[in-house]
Each structure stands twice: as C-alpha cells, then as structure tokens.
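A.B. asks: Following this message is one structure expressed as structure tokens.
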Amino acid sequence: MIFLMILVLLRITGVNNRMLKGISASPNIAIGKVFVYEKELKFERRTIDEKEVDNELKRLDNAIAKSKSELVELRDETAKKIGEKEAKIFEAHLLMLDDPALITEVKKRIRSMTNAEAAVDEVVKNFVAMFDQMVDQYMKERAIDVQDVGERIIRNLLGKEFGSLADLREQVVVIADNLTPSDTARMDKAKVVGFATNTGGVTSHVAIIAREYGIPAVVGLGDVTKHVKSGDLVILDGGNGIVIVRPDEETVNRYRSLMTDLERQRKELEKLRELPAVTLDGRRIEIAANIGEPEEVATALANGAEGVGLLRTEFLYHGRNSLPTEEDQFTAYKTIAEKMGERPVIVRTLDIGGDKPPPYLEMPKELNPFLGWRAIRISLDLTDIFKTQLKAILRAGVYGNLKIMFPMISSVDEVRKAKKILEDAKKELMEKGVSFRKDVDVGIMVEIPSAAVIADSLAEEVDFFSIGTNDLTQYTLAVDRTNEKISHLFDELHPAVLRLIRNVIDSAHIKGIWSGMCGEMAGNPLATPILLGLGLDEFSMSSMSIPEVKRIIRSASVAETRELAKKALDLPTAEDVRKLSKEFLRNKPKSQASI
Ligand code: PEP
Ligand code: MG
C-alpha cells in the first residue's frame, strides 16, 4: 500500500528517477531540460465532417501565423549571427507561406473534408514530387525548402514547442532517435548541454561532435525517446553512459557535487595546456585537434592543440540546399588557416556517403553504404566537385600552413588519380594567374585494412599518413560503427587493429614519412601509452581529450612504452590489452602539471 502511495506521489510530482544505460560517448555530466527531437511527425489522417471544417481552417491559419513569426525571428537572428546570405533561406520560406498555390490548395483539401495536418502533408508531397522531376538543379533543390516549410506548419498544428534544432530557445539536453550531420549542421550548439540517442556507437557522428564541443553524450540507449518528453528534467552522465529521467532532489544534489569535482579536475588539467607533450626521455610528440567547423578553432587552441590534425570539411556541404562554391570554401579554409597561423592544418577532402549523405546530392540508396560510394570514391567520380574543393584549399594555403588529406584510400591507384586531379587544379589556377600554395603536403587517411596492409607502397606516394581508427576498426572487425546492437564488438584495442597500426607506422618510418592518427583512438587515454610505444608521431583528437593525453605522454618514457606495446601486440584479446594498459597507467602520477 505504502509502495503504491509512493508511486502515486512520484507521478504527481513528476519524479521517477528512472535510470537508463547506454554507451558513454562524451564525458562529463549535464543536468537539464529535455528537448525531444522528432524527425518524423506523427499525426492522424482522417476524414472530417462538415462542422469541423471551419475549425480546421482556423487551426491552419494559426499554425501559419505561428510559423511566420518563428521564421521572422530565425531570419533576423541568422542575419545577425551568421550573415545576410544565410538568412535568405528563411526569407524564401516566409514567401512560401504567402504562396497561394500552396496555401489555397491546402484549404481546398480541408474543405473536401481532410484534417489540416494531412492536407498540408498531401500538398507538400505533391510539390516535392513536382520539384524533384525538374531538370534544373536549382529548382530540384527547392523540394527541400517546401518540405521544411510543410514540416514547420505541421509541427505548429500539433502544438510542438520548438521548430527544429536550428531554433532552440533555451539550454537543453537534446534527445533523439539518431542525429545525422544534416540534423546538427544548423544546430545552435551553445544551447545544447547534452545529447542522448537511441542508436549509435562511440564513433557515430553525434558522439564525435559531442566530444569536439565538450558536450556530455550517451548513445545507444535503445528507447530513451519513449521514456521522456520535452520539458522533463534529466541527468546525463556521459562518462558512465547513464541517463536518469525525472530525478529526485537528492540525486540532483549528488550529481551537482560530482559536477563540481569534475570541474576541479578540469582546472587541474588546464595547467598542462601550454606545456609541450614531451616524454620523460625527451621525445616530442605533436598534439593536434580534430575539428568539424571553423568555430572550433578557439576551443582547440584553448586546450593546447599545436595544429589541426583533421579538418572534417563536411560542414561546408551539410545544412544547406546546394553545393558550396569555390569562394564559399576558400573563405572558410582561409579563416581557419589565419586563425591557426604557423600551426599545421590538415584539410581532409570531402568524406560524404555512408552515414552522411547531404540532401542535394543524388546518392543512390545502397544496401551497404559504408562499403559503397563514399569519400574519395565520390570525389574521383565527380571530379568537378573535387577540383573545386582542391582549388579552394590550394588558394587558402597561402594564408597559413594547410596540408591536403584524402579519405578512404584503398589502393595506390586512387592516390595517383587524386594527385593527378590536384595537379590539374594547380594548372588551372596557374593559368588564371591566381595565387596558391604550390608546395602543399599531401597525405592520406589509412582507414581501410587494404591500405594498412600495403602501407609501404602507399608511403612512396605521399608525405604523411593519418590513421583513421574509426573506420579502420569498423572495417577490420566487420562492425558497423553506428549500430548499437553490436557496439560491444567495436574495439580499437583489438590485437588485429593494433597489428595493422604497427604496420602503418613502421612502413611510414622506413620510407621516411611521418604517421599520425586522427581516429577517436588517438584521444583514448588507455591507448596513449601503446601508441607512443608504437612510435606514432602525431596524435589528433577532440579538443577536450588533449589535456589528459598530454598528461599521460609527459608521465611516460618511450623506452617503457615500447616494451608495453611489444607485450600488447602479443596478447590474444582486447580485454588483455586494456588490463595491461590500465596497470601501466595506475603506476603513473595523476598530475604532471609541474614537470
Ligand atoms: C576515422 O575513420 O577514424 C576518421 C577520423 O574519420 P571519420 O570518423 O570522419 O570517418
Ligand atoms: Mg573515416
């Protein structure tokens, strides 16, 4: 009976302390209000009767009015924060809301006894189909805008509080089934204090951007969206992969005090920022940051990055309705190059496909997108798009220390073809008399097992390697990196992955080039001593991981880590490797700030 009463009371107070366990994707704790991001709007489709018509028309008018005021606000905010050009898109959406072809048609359907949500949906679908069939690329791309506008009206008909991730009004924990680059491209990250998703693993897109922005995140929760609604309070413990729904006061207080402890630890590590990553026996290691947007340069520098080891250029291609021009790209690369000054910035050419298709490129539906038309494979087919990007990088190279890196290389042939297109791009710039960086270093990502195996041949072709362990692990172990059902099998410390890494680094050194790593493994403290022992020259990681990795490097000697790596490579399982590394780190002092 008492138990029942407690249950009733908890219901009334909105407290239930339900704990959900997922995969730790980005450390630290967030306590905040939930924003459930639903991509698919659920609504019923029904035939209304005569007396409902007026009411449905009124609901439609109200939803349109609300959509207009949201768009006006979005337009003004975007113009102020990003630029007039970017704000134009919302201007176009506003015009659509006044377009009689669209609105009159919706009203006509309501008068023919269809409920408002279904009427909007039907009309929008017809428009999208019409735009899709157009030959003109510009008109084709308008389909996305109509879809966006339709979705906004339907959201407002359903009384959903927020329009999209682009117009978050307050600090929230974003909870969704999954978040793709297109979802996060226009998201105001300053308003996000945490992420939790049903699907995904440690190297899925949302996990990577969460770490890059230092936002706590838990992925692979299975059905977190079923347990929360927008406005609920949650605690998100990113380090332990836990989400606590509607926590009681005591739990909130406990986590608040944990947050204070973590903040103290962070401050302690902060002292390392300005110190170099030098081992006890004097080997200097280069520490760089992975960034996915120009705004991240500041965080990278603040955390002590000595360069950018991976600039994911997809940010230029997502969250928009058409391909970025050479000028768009040049401006973005130049800004980053200038901000980084003398420090190296490795610009990775386009890596779309797989889990990252932009809406305007016609990507075929593939059965195995990660094994499909992706990254360099697209660039070598759509050479105009590739050349445009290369020209922009070459031109921006004049303003800093840019290097070019090709993703998803599986053979020597691909490198040669890519380099040939790079030469064509240089020639075109030369003919036009445009200034550009002529001696740009060219490298490849080693992220496909075939490339790791023939690293000796590939090293003849390029100036550097960067090991992409997110894909290298996925392909070596045949584990889809975004599939939470098999995420326990995704393990970069698997001896097979370690042996491939050893081959890549050794081959690079034999041929006289350097090898870095930009996969998430480079920021995994448990992997740090092993990678150090294998001779990795550069570690590139999410900015937030830099201080801890620096601390470990400064507390170890190359000689002892060589021994450790040798042992690790002979072990039969990833778990054994983990144990060995933990034991090694346990014997190290906690803070090396004073060394
Ligand atoms: C990788 O595969 O390790 C990598 C860094 O690239 P991405 O995560 O962008 O595929
Ligand atoms: Mg990759």
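A.B. asks: Which residue out of LEU382, LEU402, LEU350 is farther than 26 Å from THR482 by Cα, of a type outside the set (Val, Ile, Thr) and open to solvent by less than 20 Å² (accessible area, probe 1.4 Å)?
C.D. replies: Going through LEU382, LEU402, LEU350 in turn, just one is farther than 26 Å from THR482 by Cα, of a type outside the set (Val, Ile, Thr) and open to solvent by less than 20 Å² (accessible area, probe 1.4 Å): LEU402.
A.B. asks: So which residues in the range 549-575 are assigned to a helix (DSSP H, G or I) and open to solvent by 50 Å² or more (accessible area, probe 1.4 Å), if there are any at all?
C.D. replies: Of everything in the range 549-575, those that are assigned to a helix (DSSP H, G or I) and open to solvent by 50 Å² or more (accessible area, probe 1.4 Å) turn out to be ALA559, GLU560, ARG562, GLU563, LYS566, LYS567, ASP570, GLU575.
A.B. asks: Would you check which residues across the range 356-383 are within 16 Å of ligand 1 (Cβ to nearest atom), assigned to a helix (DSSP H, G or I) and not hydroxyl-bearing (Ser, Thr, Tyr) and list them?
C.D. replies: PRO369, PHE370, LEU371, ILE376, ARG377, ILE378
A.B. asks: Scan the range 226-275 for residues that are assigned to a loop (DSSP other than H, G, I, E, B), of a type in the set (D, E, K, R) and open to solvent by 20 Å² or more (accessible area, probe 1.4 Å) and jot them down.
C.D. replies: Taking the range 226-275 as the starting set, the residues that turn out to be assigned to a loop (DSSP other than H, G, I, E, B) are 228-232, 238-241, 246-248, 271-275.
Cutting the leftovers down to of a type in the set (D, E, K, R) gives us 229, 232, 246, 248, 271, 273-274.
Correct list: LYS229, ARG246, ASP248, LYS271, ARG273, GLU274.
A.B. asks: Modelled with pLDDT of 95 or more, buried (at least 24 other Cβ atoms within 10 Å of the Cβ) and within 30 Å of GLU342 (Cβ to Cβ): does that describe ALA196?
C.D. replies: It is false that ALA196 is modelled with pLDDT of 95 or more, buried (at least 24 other Cβ atoms within 10 Å of the Cβ) and within 30 Å of GLU342 (Cβ to Cβ).
A.B. asks: For the range 467-485, check the following and say yes or no: at least one residue is within 29 Å of LYS267 (Cα to Cα) and within 16 Å of ligand 2 (Cβ to nearest atom).
C.D. replies: Looking through the range 467-485, none of the residues is within 29 Å of LYS267 (Cα to Cα) and within 16 Å of ligand 2 (Cβ to nearest atom).
A.B. asks: When residues of the range 32-48 are filtered for being over 27 Å from the mean Cα position of the chain (by Cα), open to solvent by 70 Å² or more (accessible area, probe 1.4 Å) and not basic (Lys, Arg), how many remain?
C.D. replies: 2
A.B. asks: Yes or no: PHE386 in a helix (DSSP H, G or I), within 16 Å of ligand 1 (Cβ to nearest atom) and either within 27 Å of the chain's Cα centre (by Cα) or small (Gly, Ala, Ser) (or both)?
C.D. replies: So PHE386 does not fit the description; no.
A.B. asks: May I pose another question? Considering only helices (runs of 4 or more DSSP H) fully contained in the range 444-548, which possess at least 2 residues that are within 12 Å of ligand 1 (Cβ to nearest atom) and open to solvent by 10 Å² or more (accessible area, probe 1.4 Å)?
C.D. replies: In the range 444-548, 469-477 are the helices (runs of 4 or more DSSP H) which contain 2 or more residues that are within 12 Å of ligand 1 (Cβ to nearest atom) and open to solvent by 10 Å² or more (accessible area, probe 1.4 Å).
A.B. asks: From the list GLU327, GLU342, GLU314, GLU306, which residue is away from ligand 1 (no atom under 16 Å from the Cβ) and in a helix (DSSP H, G or I)?
C.D. replies: Criteria check complete, one pass: GLU327.
A.B. asks: Would you please name the residue that is farthest from PHE436 (Cα to Cα), looking only at residues in the range 337-362 that are more than 16 Å from ligand 2 (Cβ to nearest atom) and within 18 Å of the chain's Cα centre (by Cα)?
C.D. replies: PRO359
The values are calculated or read from the model by the stated rules, or taken from the named source; none is laboratory data. Since the model is a prediction, treat every value here as computed from it, not as a measurement. Please note: Cβ atoms are built from the backbone with ideal geometry, for glycine as well, and neighbour counts cover all protein chains shown. Remember, those area values only see protein heavy atoms, side chains included, never the ligands or the DNA or RNA. Shrake-Rupley method; radii C 1.70, N 1.55, O 1.52, S 1.80 Å.
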